[in-house]
Amino acid sequence: MQKVDFIKMHGLGNDFVIIDKRSNNIEITESIIKRLSDRRTGAGCDQLITIDNTDNQSADAEIEIFNPGGDRAEACGNGTRCVAKILFDEDTDKKILKIQSIAGILESKKIGGNISVNMGLIKNTWEKIPLRKEVDTMNIPISIDGYSKGVAVNIGNPHVVFFGKSIYKTDLESIGPEIENHELFPKKTNVEIVEVIDSKSIQMRVWERGVGITLACGSGACAAVYAAWKKGLIENNAEVKLEKGSLHINIINNEAIMIGPAEISYQGSLEI
């Protein structure tokens, strides 16, 4: 048995178990991930994230992101903001943080009581998403009743965004896994269903790859704003309304900058 210390955090209800490996270099195994992620027998989370020291002199720390099943995720906007909060709280004079991830170095800043993360360059070509074959990424040939054809993008991880109405009446529980595992996506995909409210705001629900329905998704919000902007439905700077609040996304030079809250729920430990 070993004691695993963790911090439970969330960004608009998208929740994480964060393990700081800088002082305790614990080996993160699939069994530890599954135990901590379980909402009945562990702390429960959408994803588990580790913080570690980095050999990259351009970065302040390094993160790894794991889905509850033990597989790795490349990017997580809300999770990155949560890690940034921990690091900013440690050094209150710090103005900018650079966090190393599989998706590259993510730059974070304090914006009032919120935290911003530059999620980097958004890719929209079929081979970068990736797709299994060349298709029009602005009109993915997957049908959801009452919705447009999807827009596929990669923002460190793959997403497909659909636009329609009455998103809370859509059976995302059934549609989500079918699209996530569609043969067109060799690495599977996250799925966003979006309703445009006006030129500056949208409403979104998300099915996260390897997780299921979550209350929020930072990279998904970036993907949704980018897709809506490219379709001419909204401006490049918009509010994304989610079940427990809003994220603000600004697309500048094809990079997505996300601003939103990050909160500590509690700290704890578990015998594994």
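The values are calculated or read from the model by the stated rules, or taken from the named source; none is laboratory data. Computed from a predicted structure; not experimentally measured. Note that we place each Cβ from the backbone using ideal geometry, even for glycine, and neighbour counts take in every protein chain shown. Side chains included, ligands, DNA and RNA excluded: accessible areas come from the protein's heavy atoms. Shrake-Rupley method; radii C 1.70, N 1.55, O 1.52, S 1.80 Å.
Assorted remarks:
- GNM on the chain, alpha-carbon springs under 10 angstrom: the most fluctuating residue among Leu106, Leu48, Leu121 is Leu121.
- Unsatisfied cross-links (Cα-Cα over 21 Å) in the set Lys123/Lys244; Lys21/Lys244; Lys169/Lys244; Lys128/Lys149; Lys128/Lys165; Lys8/Lys85: Lys123/Lys244; Lys21/Lys244; Lys128/Lys165
- Share of carbon and sulfur in the accessible heavy-atom surface of the stretch 60-189 [1.4 Å probe, %]: 46 percent
- Given charges at beta-carbon only (K, R positive; D, E negative), |dipole| of the chain in Debye: 380 debye
- Selected from Ile51, Ala221, Gln100, residue furthest toward positive end of dipole (the chain; charges at beta carbon): Ala221
- The angle separating the long axis of helix 77-90 from the principal Cα axis of greatest extent in the chain is about 30 degrees.
- Global form of the stretch 99-201, assessed from the alpha-carbon gyration tensor, a/c cut-off 1.5: oblate
- Computed from the alpha carbon positions, the gyration tensor of the stretch 82-142 leads to an equivalent ellipsoid with semi-axes of 35, 12, 8 Å, biggest first.
- Each Lys and Arg contributes +1 and each Asp and Glu -1, all at the Cβ; summed about the Cα centre of the stretch 96-233, the dipole is approximately 500 debye.
- For the stretch 18-59, applying the loop criterion from DSSP together with a ceiling of 14 other beta carbons within 10 Å to the trypsin sites (Lys or Arg not before Pro) yields Arg22, Arg39, Arg40.
- Per residue value of the accessible surface for the stretch 154-202 (all protein chains in place, 1.4 Å probe), Å²: 42 Å²
- Mean Cβ count within 10 Å, highest first, over the residues of peptides 231-239, 162-170, 23-31: 231-239, 162-170, 23-31
- Carbon and sulfur %, accessible surface of the stretch 191-230 computed with the full protein complex present, 1.4 Å: 47 percent
- The stretch 101-147: trypsin sites (Lys or Arg not before Pro) in DSSP coil with no more than 10 other Cβ atoms inside 10 Å: Lys133
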